[in-house]
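Below is one structure, written out as structure tokens, with a few remarks after it.
Taken together, the values in this text are just the output of simple stated rules run on the coordinates, not laboratory data. This one's a predicted model, so the numbers in the text were calculated from it and none came from an experiment. Every residue, glycine among them, receives a Cβ derived from its backbone with ideal geometry; neighbour counts consider all protein chains shown.
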Amino acid sequence: MHEPGSEAERAGVAAGQTARQPAGQTARQTAGAAAGKAALRAELLAAREGQSAAQRTAAGRLNRDHVLSLPQAEMAGTVAAYVSVGTEPDTRGLIYALWKRGTYVIVPVLRPDGDLDWASYEGPESLVPGPKGLLEPSEPVRGTDAVARAALVLVPALAVDTSGNRLGRGGGSFDRALARVGPRVPVIALLNDGELIDHVPAEPHDRPVPLVALPSRGIVSIQIPLREVRYH
Ligand SMILES: Nc1ncnc2c1ncn2[C@@H]1O[C@H](COP(=O)(O)OP(=O)(O)OP(=O)(O)O)[C@@H](O)[C@H]1O
Ligand SMILES: [Mg+2]
């Protein structure tokens with residue numbers, strides 16, 4: 001997997017961007033994007049399968065430290081995060097550290113319709129097994145709009161490209177959640193090294209991300225192309 005170094009500049013600034021929509025995509029292009037995503041997903045998941053547990057833990061620790069030292073994380077009253085499962089870079093140390101230092105952390109509760117509800121993380125003991133092998137908070141849910149009140153949003157991704165297009169696990173759950181997040185709120189996708197790539201196929205519903213965390217590079221800011229600018 002090629003990681004382009006020059007196009008995504010390293011920065012600590014969370015530049016909010018207007019969501020880019022691949023406007024004017026034909027039905028055939030959308031079908032092609034969906035098929036392209038599936039193939040890329042399989043490739044990226046296989047690469048993650050090849051990692052050891054120690055590598056996942058190490059990647060999680062480095063990303064944890066990158067996020068914890070961001071001013072936006074230090075100042076955030078509420079952080080929307082997620083509990084890593086399977087081969088994802090570990091986030092449990094990160095959400096524990098945020099919670100320990102007094103940040104209000106909310107994590108997803110997957111709804112049967114694939115959308116995300118949110119509930120507060122109250123330490124490792126507050127997590128219980130949920131659907132699809134997920135770990136979810138046992139606290140009361142606060143509604144799908146709770147994510148809109150977060151000052152920092154951390155999302156999973158299998159890869160992000162240099163235009164901010166994000167490839168998730170294929171449920172569309174985080175696309176729905178990100179549609180509720182304001183344009184100036186920093187959103188960080190937590191990746192492994194090598195998962196910031198040249199191209200991720202995008203469909204009209206996909207929400208791009210302005211920032212990624214990479215273990216060996218830190219927080220990298222992405223210029224999301226503005227396809228359409230409206231002035232009111
Ligand atoms: N806003 C939405 N409303 C309804 N369905 C949606 C929405 N966004 C995405 N979906 C559904 O989710 C499916 C999968 O989307 P996509 O391939 O972009 O998932 P993903 O971005 O990889 O997953 P995730 O966001 O959960 O990490 C889409 O084909 C679509 O059916
Ligand atoms: Mg998507």
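Observations, loosely collected:
- Criterion (in contact with a strand residue (DSSP E or B) (Cβ under 8 Å, 6 or more places away or on another chain) and either crowded, with 16+ Cβ neighbours inside 10 Å or of a type in the set (Asp, Glu) (or both)) met by exactly one of Val128, Val147: Val147
- Residue in the stretch 24-46 that is of a type in the set (S, T, N, Q) and more than 21 Å from Asp161 (Cα to Cα) present: yes
- Set side by side, the residues Ser216, Ser173, Ser163, Ser221 differ, and just one is surrounded by fewer than 17 Cβ atoms within 10 Å (Cβ to Cβ) and polar (S, T, N, Q), which is Ser216.
- Summed over the stretch 89-98, residues that are out of contact with any helix residue (DSSP H, G or I) (no Cβ under 6 Å at 6 or more places or on another chain) and closer than 16 Å to Val153 by Cβ total 3.
- Within the stretch 36-68, the set of residues being free of Cβ contacts under 8 Å to residues at least 40 places away in the same chain and hydrophobic (A, V, I, L, M, F, W, C) comprises Ala39, Ala42, Ala46, Ala53, Ala54, Leu68.
- The strands (runs of 3 or more DSSP E) found wholly in the stretch 160-232 include none carrying at least 3 residues that are at negative phi and β-branched (Val, Ile, Thr).
- Inclusion of Glu74 among residues that are away from ligand 1 (no atom under 16 Å from the Cβ), in contact with a helix residue (DSSP H, G or I) (Cβ under 9 Å, 6 or more places away or on another chain) and free of Cβ contacts under 8 Å to residues at least 40 places away in the same chain is warranted.
Rundown of residues vs (1) of a type in the set (D, E, K, R); (2) more than 25 Å from Leu68 (Cβ to Cβ), yes/no style:
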residue: Gly130; (1), (2): no, yes
residue: Leu134; (1), (2): no, no
residue: Val147; (1), (2): no, no
residue: Val153; (1), (2): no, no
residue: Asp161; (1), (2): yes, yes
residue: Phe174; (1), (2): no, no
residue: Pro201; (1), (2): no, yes
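- Qualifying residues in the stretch 143-163 (those that are closer than 13 Å to Val200 by Cβ and more than 11 Å from the chain's Cα centre (by Cα)) - the one farthest from ligand 2 (Cβ to nearest atom): Thr162
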